[in-house]
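Visitor: Below is a structure I'd like to ask you about.
The values are calculated or read from the model by the stated rules, or taken from the named source; none is laboratory data. All values derive from a computational prediction rather than experimental measurement. Cβ atoms come from the backbone with ideal geometry, glycine included; neighbour counts cover every protein chain shown. Heads up: the accessible areas ignore ligands, DNA and RNA and are worked out on the full protein's heavy atoms, side chains in. Shrake-Rupley method; radii C 1.70, N 1.55, O 1.52, S 1.80 Å.
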Amino acid sequence: MTKLKLLVALIAGVTLSFPVAAKLYKWVDDNGTTHYGETVPPEYANKDRVELNQAGRVVKSEEVLTPERRRAREQEDAKKRDDAKAALDQQRHDKTLINTYNSVKEIDQARIRSLQQVDARINVINSYIKTANDNLLALQKEADGYTNANRKIPDSLQEDLQDAQARLTKLQQDSENPKADKAAVEARFDADKARYIELTGKQ
C-alpha cells in the first residue's frame, strides 16, 4: 500500500471514530511531524493548522502568526495602503494638471505668478528688517553716547535695545520661511511641468 493510500486510510479511520459533528485538525510540530486530532494541544496553539472534513479535505486553514510575522504582516499591509494612497493621489493630481492647463506655457505663467507672490512677501519682510536694523543702530548709538561720556546706560534704554535686537532676530528668522517657500514653488512647478509633458506629449 502506498504512502498516499495509508494517509487516506489513516484520516478515514480517525474521522470515522469521531461523532459526526466533531472537527479534525492537522498540524505540524517543531520536528516536522504531522499530527491529527479533534483538538490542538495547548503546546501547539501557536502553530498553523488546518481543519479537515470527514473526507480528509481541507475546509479551513488557520494561520497563527508569531510576533515577528505579525509585525512583518502589519508593515506589509501598511506599505500596501501607503502605495495605494500614493497611486490614488497621483491619479487625482494628474487629472488636475490636465484640467487646469492647456499648454506648457500656461504652467510657466502660473509659476511666474506664484513666484511674484513669494517675492512680494520677501520684499515686505526685508523692509521690516531694514527698519528694525535702523532702529537698533539708533539705539546702540544712543547707548554708546552714554558709554563715551562715562555715564550709566538707563535701564529703559537697555530694555529698548534688548527688544529691538529680539525683533530683528525674529524678523531674520521669519525671512527664511518665504525663501524656503520659493524653492518649494520652483520644485513643484518643475515637477508639474515634467509630468504634464509626460502625460500629454506637449512641449
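Visitor: Under a straight-distance cross-link criterion of Cα-Cα below 29 Å, which lysines are reachable from Lys193, leaving out those fewer than 8 residues away in the same chain?
Guide: Filter leaves Lys79, Lys80, Lys85, Lys95, Lys105, Lys179, Lys182, Lys202.
Visitor: Could you report the range 77-203's accessible area per residue, 1.4 Å probe, as an integer in Å²?
Guide: That works out to 70 Å² per residue.
Visitor: Over the range 81-172, what percent of the accessible surface lies on carbon and sulfur atoms, probe 1.4 Å?
Guide: The nonpolar share, carbon plus sulfur, comes to 50 percent.
Visitor: Report the label-to-label distance for Ser156 and Ser175 in nanometres (one decimal), using points 7 Å from each Cα along the Cα→Cβ vector.
Guide: Taking the simple label geometry, Ser156 and Ser175 are separated by 3.1 nm.
Visitor: Grab the beta carbon distance between Glu38 and Lys79, set R0 = 45 Å, and tell me the FRET efficiency rounded to 0.05.
Guide: 0.70
Visitor: While we're here: If contacts are Cα pairs under 8 angstrom and at least 6 residues apart, what is the relative contact order of the range 77-203 in percent?
Guide: 43
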